[in-house]
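Before any comments, here is the structure.
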């Protein structure tokens, strides 16, 4: 079976050789450099202990310095899986998400045709270069001189000129023996709909050849000399060779430079790439006049794990960056991300380098922001979060963005990073290791002292809520006691959501000291909740709260409060079970069970005497206290 032209090239571009080989070998981390795609391992083809098997992931080739085996991903799969060539293609295509083409008996003819089209584009490169040096190219030469592109730069990037003639390129290539229909197929000329003579696709434009990673010219980009031209930049139309959504300007040279350790920079246009290259940033590429596509993003990640996107310092540049975030989020994985370098207002890389030199460009690249920061900027810039509803909207949009990330580990780290940024936005300042009311613009007004300490402030709290508040406040001021009461904390189950979150933070804090706990509460945005606890009247008057530091007194308090909570849970459980068993239990037995549970609760609640005993209580009174509950249950039973 013959494969259609370009299928294997695309398959190789979508396949990571390091991932394919990594299924069969154990990489030597001391010798390998994953960031550069330079990987070493013991050879899978012969028995050895030293890592002599080398994989160049960027170029897609492997070589063993011991047994001299070499090849690409296809040959590796053939050798290790014991399959034929087409089976290896099918395996890799399936992993790359590509559909195997149906049998094409004309594949060879198509391949030959693509070769002829490539010859036409190469002939066009030479002809455009010649026109730039001719008399008709004078204005174009002046423009390039004004942009600082000397002869060496023009030669390096093969810049040419398309004269303002209807059939200049078409006639010249036809005279050199190229078939008219191939000149049209290459995108050098266009065929009128009425079937008339072809005309040049590019006229009065500076021409930038676009080459694939192998160095073959596949199309052109043309910049208009006329400032009133309908399109400032014009790309070749899509042809059998050229797909602008799957190509990058300066791809091959940038890949080679990135392999030598240069940072990969993604600029917006041809002139930016040329300016960056001349300033020493030789691993620079550009999409072809449109927003970066998914295919282009995958090509970038094949060159470098973390390309730096350098966009123009205007609204359009920022919008392009934000669109790229939406494209990249579902494709992110560990070790594959983006950084963003936004130019100063109104400047592109070419302008910046001319005005301030390569050092200024390097400084901006060094301070490039990770993608999570730009995501945060997009969701928060120019917006106010002075109400719960607005904060909830922010939370929803952030959750929606993070949910698009497929890698579970990366999703978790993004969530944590955004939580930290959210905390910085809404944080309550602390002074000297103590919690103080927030004074930020989003903070609610602090309650008056007389209200804060009043019965009114605690009146809406249940008995259990008040005990939970005292326990949590005590533990926050003496976190060294957390381990001693770990089991009791787990059993608390506070009804108040803030109390429940505080209890969770206490159990999760790895270091039992106040500073570590304070940081954990800050990150969880629970500092205000703790402030509220410390200012409750029944908490504030506790001596171990007024003068923290007496650990033993605090421990005795916690033991008593936990005992009271346990007794309440006991009576509640006993009452629930007893009332549910009313159909099967006589009233005397029921009275005994409930009185026994209430006795235990009152012993826990009663103040201790000097000998540690609690005063007695009237069990008959306790029985009368439950009469209504029992009668109510019986009444419900009779009315069913």
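Where a number appears in this text, it was derived from the coordinates with a stated rule and is not lab data. Because the structure is predicted, anything quoted here is derived from the model rather than measured. As a convention, Cβ positions derive from the backbone with ideal geometry for all residues, glycine included, and neighbour counts pool all protein chains shown.
Can you tell me the length gained on complete extension of the stretch residue 216 to residue 10, counting 0.36 nm per residue apart and subtracting the Cα distance?
Roughly 72.7 nm would be gained on extension.
Over region 166-316, what is the percentage of antiparallel beta bridges among all DSSP beta bridges, to the nearest 5? Here the share of antiparallel DSSP bridges comes out near 75 percent.
In this label model, residue 232 and residue 23 are separated by 4.7 nm, measuring between points 7 Å along each Cα→Cβ vector. Spin-label model, residue 493/residue 152: points 7 Å from Cα along the beta carbon direction are separated by 7.9 nm.
Between residue 111 and residue 179, how high is the FRET efficiency from 1/(1 + (r/R0)^6) when r is the Cβ-Cβ distance and R₀ = 22 Å? Nearest 0.05. Plugging the Cβ-Cβ distance into 1/(1 + (r/R0)^6) gives 0.85.
Here region 356-412 and region 142-187 have alpha carbon centers that stand 44 Å from each other. Remark: the residue 298-residue 126 segment gains 58.8 nm on full extension, using 0.36 nm per residue and subtracting the alpha carbon distance. Taking a ≥ b ≥ c as the square roots of the eigenvalues of the Cα gyration tensor, region 225-365 is rounded, since a/c falls below 1.5. Taken as Cα centroids, region 236-312 and region 51-76 sit 26 Å apart, rounded to the nearest whole angstrom. Under the criterion of Cα pairs below 8 Å and six or more residues apart, the relative contact order for region 107-242 equals 24 percent.
What is the extension gain from residue 486 to residue 462, computed as 0.36 nm multiplied by their sequence separation minus the C-alpha to C-alpha distance, in nm to one decimal?
On the way: separation 24, 0.36 × 24 = 8.64 nm, distance 2.33 nm.
Taking 0.36 nm per residue and subtracting the Cα distance, the gain is 6.3 nm.
Taken along the Cα-to-beta-carbon direction at a fixed 7 Å, the label points for residue 133 and residue 48 span 4.9 nm.
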